[in-house]
Amino acid sequence: MADALITVPVPLGGGRSYDVLVGPGARHRLLEVVPAGVHRAAVVTQEAIGVVVDAGVEQRIFFIGDGEPAKCLETVEELCRAWSRWGLTRGDVVVAVGGGVVGDVTGFAAAVYHRGVPVVQVPTTLLGQVDAAIGGKTGVNLPEGKNLVGAFWQPSAVLCDIEVLGTLPPREYRSGLGEMAKYAFLGVDRLPDLPLDEAVAACVRCKAEHIAADERERTGTRALLNYGHTLAHALETAGAYDLRHGEAVAVGLVFAARLARRLGRVDDDAVTEHLRVMAGYNLPTEVPPGSDPGELVALMARDKKAVDGLTFVLDGPRGVEVVAGVPADAVEATLFEAG
Ligand SMILES: NC(=O)c1ccc[n+]([C@@H]2O[C@H](COP(=O)([O-])OP(=O)(O)OC[C@H]3O[C@@H](n4cnc5c(N)ncnc54)[C@H](O)[C@@H]3O)[C@@H](O)[C@H]2O)c1
């Protein structure tokens, strides 16, 4: 079965390159990808996940809480303190086994514990496999907003085992499709026609290309991966996370298409295409009724990309690009636009 895995390289400078292995049984390759010479593995996961890994060295499991509230500085402190009591050192490895919440919080704790210990990501949600576990963005939320504290900390390897997706609740699987839909607008063709492992690998490949070109989001190439995310993060924060991340991204993608149309960058066909893709995945497309437009705009202004006024990733004649200085009234007027 091992031969059936797809390997997607993430080529980076400074010895930070790594491989993403995609396919059934990929988690069993952990022994091969932990850095040579490590003595211990701290496996971080959540009670509900139940995915067993074997790092081939002494290992201990550390559980964290569920959902966005657990993606906070307190969890990072608890993890670091527990690792310290166990005696984890820089010569050991941390293994994150879970969705984006486990991956982000564990990656960040690994980045700051002893100023950095190696981490292997074993994403167990579709969203984690196509996106969150790849690229080294780690971090936690503050009450003021999502992902406001974090670090770039590349994993030593990522194991995307599609077998483990079998236990994923249907809503979580669909949420992953929201993040997958994003790649359809970043140039990945025929996603719905591909077998699952190839579809995941195609998304990973697309993400890897953006990261290799702009590891730390300095030139704007990597920022394109945030397509749909400016509104998504605001919706998640405003609604105290009652939308799953991929659902919020789906709404954010359609909003971005409508905003691009309002700004004269695309025509009706582009909006129709966004709506068609979301319908194919049975994803939501509209801002939840009752959302406060003023609050959403204020939250979007606090987005990390917003260094020069309201900033969005928008489609246009040259394709998807970062657009700064978008007028607030255009944003507000688009929020509840139909069609
Ligand atoms: N770092 C990045 O580049 C990046 C990119 C995209 C999203 N994210 C972050 O990812 C997070 C969302 O991740 P998510 O959608 O994976 O949510 P999640 O991590 O909250 O997981 C969803 C739920 O599924 C459960 N679960 C996970 N794997 C399971 C399995 N195999 N079987 C049964 N249950 C399982 C979890 O316990 C959880 O209850 C957000 O915080 C988002 O900001 C990060």
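Which residue pairs have Cβ atoms closer than 6 Å, lie 6 or more positions apart in sequence or on different chains, and pair a first residue in the stretch 40-63 that is closer than 17 Å to Leu88 by Cα and open to solvent by 30 Å² or more (accessible area, probe 1.4 Å) with a second residue that is within 16 Å of the ligand (Cβ to nearest atom) and in a loop (DSSP other than H, G, I, E, B)?
Phe63/Glu47
In this structure, does Cys80 turn out to be at pLDDT 95 or above and within 16 Å of the ligand (Cβ to nearest atom)?
No: the conditions fail for Cys80.
Could you grab me the full set of residues in the stretch 209-266 that are touching a Lys or Arg at 6+ places or on another chain (Cβ under 7 Å), of a type in the set (D, E, K, R) and away from the ligand (no atom under 13 Å from the Cβ)?
The answer is Asp214, and nothing else.
Considering each of Leu88, Leu127 in turn, give the residue that is surrounded by 24 or more Cβ atoms within 10 Å (Cβ to Cβ) and more than 14 Å from the ligand (Cβ to nearest atom).
Answer to the check: Leu88.
Being open to solvent by less than 30 Å² (accessible area, probe 1.4 Å) and within 16 Å of the ligand (Cβ to nearest atom) is true for just one of Val97, Val117, Val93. Which residue is that?
Matching residue, one of Val97, Val117, Val93: Val97.
Looking at Gly252, Gly220 in this structure, which one is in a loop (DSSP other than H, G, I, E, B) and under 15 Å from Lys305 (Cβ atoms)?
Gly220
Does Val307 qualify as being among the β-branched types (Val, Ile, Thr) and in contact with a helix residue (DSSP H, G or I) (Cβ under 9 Å, 6 or more places away or on another chain)?
So Val307 does not fit the description; no.
If you scan the stretch 265-303, which residues turn out to be of a type in the set (Lys, Arg) and either more than 30 Å from Asn141 (Cα to Cα) or surrounded by 17 or more Cβ atoms within 10 Å (Cβ to Cβ) (or both)?
Arg265, Arg276
In the stretch 154-178, which residues are part of a loop (DSSP other than H, G, I, E, B) and more than 10 Å from the ligand (Cβ to nearest atom)?
Gln154, Pro155, Ser156
Identify all residues within the stretch 166-197 that are hydrophobic (A, V, I, L, M, F, W, C), in contact (Cβ under 8 Å) with a residue 12 or more places away in the chain and farther than 24 Å from Ala257 by Cα; write none if there are none.
Leu168, Leu196
The values are calculated or read from the model by the stated rules, or taken from the named source; none is laboratory data. What you see is a predicted model, and the numbers here were worked out from it, not measured in a lab. In this analysis, Cβ positions are derived from the backbone assuming ideal geometry, glycine residues included, and neighbour counts consider all displayed protein chains. The protein model used for the area step is the full one, side chains on, heavy atoms only, and it has no ligands, DNA or RNA in it. Shrake-Rupley method; radii C 1.70, N 1.55, O 1.52, S 1.80 Å.
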